[in-house]
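S.K.: Here's a structure for you.
The values are calculated or read from the model by the stated rules, or taken from the named source; none is laboratory data. Being a predicted model, the structure only gives us computed values, none of them experimental. When we count neighbours, we look across all protein chains shown, and the Cβ atoms used for this are built from the backbone with ideal geometry, even at glycine. Surface areas here come from the heavy atoms of the whole protein model, side chains and all, with no ligands, DNA or RNA. Shrake-Rupley method; radii C 1.70, N 1.55, O 1.52, S 1.80 Å.
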Amino acid sequence: MAQFRLQGSRVLAVDLAGDTVKARNGSMVAYTGQMGFKKLSGGGDGLRGMVTRRLTGERMEVMEVKGQGTCYFADKATEINLVRLNGETLFVESDNLLCTEATLRTGTSFTGLNGMASGNGLFTTKVEGQGWAAVTSNGPAVILRVAQGLPLRVDPGAYVAHTGNLHRALKSGAGWSTLIGEGGGEAMQVEFTGEGLVYVQPSERMTLGGEV
Amino acid sequence: MSYPPQPPQSPYGQQPYGQQPPYPPQGPPSGYSQHQYEQSHQATQAGMHVPPPPYQASPAGQFGAPVFQPPGGDAPQVWDAGTLPADDNVNPYCFSVDLNGAYYLQKGKMIAYYGEMRFSGIGRGVLDRVLEQNFNSPLHASDWVVAEGRGKLLLADRSYDLNSYDLEDGNLTVRSGNLLAFEPTLRLKQSIIPGFLTLIGTGKFVAASNGPVHFVEPPIRVDPQALVGWADCPAPCHHYDHSYLHGVIGGLRHLTGIGGASGEEHQFEFIGAGQVLMQSSETLMADRSVGVVAAEAGVPGAGVPHQQHGGAPGLGNLGNLGDLGRRFGL
């Protein structure tokens, strides 16, 4: 069973005993023991997943790491958040998914216009099953709880991932004043309702809605 | 699943900042409330250590949310509208505003919020009155947004360090790109020193810096790139180190450039009572346009917009037409 732990906050250490993890291609920074790295084509979801990923643009370069010892992963000194899944689904931008246990299934999910606004395409990556996943964020992620009657609105550029039974809706604060250039700067927001957790990073990606 | 026991790690993998006490023991300068200042400082510090989680972890899979149990002992903190700090740091890079009324913030710095809020650009008809009260500067209104409503508002800026400061009938001058948000009880003015903004009055504001902020006492000379701002200092001035240019060799070096410079010949010098705020890196934050001051004799930098970034050169002259180029990201 692969053991995930954080070495500092920006390096993920995975202890492997002959088992397998899937990680972003090229994210290994060091390892001890014996490791084999195998590039998986098309995100490692098999042929169907490969075609889906190609079609949806939610492309992931994934490698399979197998061996005995400890393998260290990192990505551009971004902060790493460990998420333990027990049969739930984690929705995450493919850019932010660093490593998953081999027991987890990854796939793509349609997000519609929400993804469009966040500049990440119309699809997002779905991780489900039992095991650990490592999610990167630019700056330590703030985990926000959404409950009934307590909706949360998030800037699409700061959204990283979410879990739980959440409904996403794109809210537009843009009105006539946005068109004449007096907009509030937060014209695009994603509203989360339902119950679950949302991961937000203290930084904003460049987004389509960012400048209005 | 069992995990190897790990020593508890410091939150965010950082050691607590070795900051100077915000104020010297010999008493606060006039116009400042030591209590307020320290409180604010403490609060920021407290934000750096994760406080004991007020939210007790719910039973596993209560509503399909995963159980967070990193092998380090303490689970990552989950925040909600009730547990988010009021006007304090969530972590060194994220600030939570307990909004009840209005707050001014730089455009695009909201990352998330709970509650009912409206963000509107400053300069809309309804807000003209508010604008008159708070913006006594030619600061371009399109860079600022007023958030109105109730709830918890999270601010962050490219994962720079955020700090909040309390002013009590005081003044503080800060680099335009570093100021993130401020309470409407403060008045914002453009400093005579180009590229800086001055906040006057009583209230709280949030500023970003590249690396934690250090408070230092004048007399001091600081590197221009490391300067974030200053409070109460009467005399900020340039200081050039010309000694290396003296003599024949120095003159040659000056004329020819042979021999080079250390890059530290120019500093900002501060004299007088007050505090100087320094960031711990020499990476400048992108400056915000502070607008154009009236072209008048004796006004430093008059008629010249400082630190104009972004805008296409051809559109730069649109200026007060609304700075369309910059707004549309051209």
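S.K.: Counting only other chains, and only Cβ atoms inside 10 Å, what mean value do you get across the residues of B:83-91? Intermediate results must be reported in sequence, preceding the final value.
M.R.: Numbers: counts 2, 3, 0, 0, 0, 0, 0, 5, 6.
Averaged over the peptide's residues, the number is 2.
S.K.: Quick one: which residues, 5 or more positions from B:Gly211 or on another chain, have an amide H under 5 Å from its amide H? H modelled 1.01 Å from N in the peptide plane, none for Pro or chain starts.
M.R.: Residues meeting the amide H criterion: B:Asp161.
S.K.: Residues of region B:193-213 with the amide nitrogen closer than 16 Å to a label point 7 Å from the Cα of B:Arg158, along Cα-to-Cβ, please.
M.R.: In region B:193-213, the label zone of B:Arg158 (backbone N under 16 Å from the point 7 Å along Cα→Cβ) covers B:207-212.
S.K.: Using a 1.4 Å probe and counting only protein heavy atoms, how much accessible surface gets buried when A and B come together, both sides summed, in Å² to the nearest 100?
M.R.: Working: alone 10480 and 17030 Å², together 23140 Å².
Chains A and B together bury roughly 4400 Å² of accessible area.
S.K.: So what J values fall out for region A:84-99 if you push phi through Karplus, 6.51 cos²θ - 1.76 cosθ + 1.60 with θ = phi - 60°, rounded to Hz, Gly and Pro as x?
M.R.: After applying 6.51 cos²θ - 1.76 cosθ + 1.60, I find 9, 9, 10, x, 8, 10, 10, 9, 8, 5, 4, 5, 9, 8, 9, 7 Hz.
S.K.: Taking amide H positions as placed in the peptide plane 1.01 Å from N, state which residues far from B:Trp79 in sequence (5 or more) or on other chains have amide H under 5 Å from it.
M.R.: A:Ile143, A:Leu144, A:Arg145
S.K.: In region B:145-175, which residues become less accessible by 50 Å² or more once every protein chain is in place, relative to the chain on its own, using a 1.4 Å probe?
M.R.: When all protein chains are present, B:Ser159 each give up 50 Å² or more of accessible surface.
S.K.: Moving on. Per residue of region A:156-164, in order, report the coupling 6.51 cos²θ - 1.76 cosθ + 1.60 (Karplus, θ = phi - 60°) as ³J(HN,Hα) in whole Hz, putting x for Gly and Pro.
M.R.: Per residue, the Karplus-derived 3J(HN,Hα) values read x, x, 9, 6, 10, 7, 8, 10, x Hz.
S.K.: May I ask you to find the residues of region B:98-122 that are shielded by at least 30 Å² of accessible area once the whole protein assembly is considered instead of their isolated chain (probe 1.4 Å)?
M.R.: In region B:98-122, residues shielded by partner chains: B:Lys107, B:Gly108, B:Met110, B:Ile111, B:Ala112, B:Tyr113, B:Tyr114, B:Phe119, B:Gly121.
S.K.: Cut-off under 29 Å on the C-alpha distance; same-chain residues fewer than 8 positions from B:Lys109 excluded. Which lysines are left, in chain and number order?
M.R.: Excluding near neighbours in sequence, the set is A:Lys76, A:Lys126, A:Lys171, B:Lys152, B:Lys189, B:Lys204.
S.K.: Could you run the Karplus curve 6.51 cos²θ - 1.76 cosθ + 1.60 with θ = phi - 60° over region B:208-224 and give me ³J(HN,Hα) per residue in whole Hz, x for Gly and Pro?
M.R.: So the Karplus estimates, Gly and Pro as x, are 9, 8, 8, x, x, 8, 10, 9, 10, 9, x, x, 7, 10, 10, 5, x Hz.
S.K.: Please list, ordered by chain and number, the residues whose modelled amide H lies under 5 Å from the amide H of B:Ile220; skip anything fewer than 5 residues away on the same chain.
M.R.: Residues meeting the amide H criterion: B:Phe270.
S.K.: Next question, about the same structure. Enter the mean number of other protein chain beta carbons within 10 Å of the beta carbon of each residue in A:1-7, as an integer.
M.R.: Details: counts 2, 1, 5, 4, 7, 6, 3.
Mean inter-chain Cβ contacts per residue within 10 Å come to 4.
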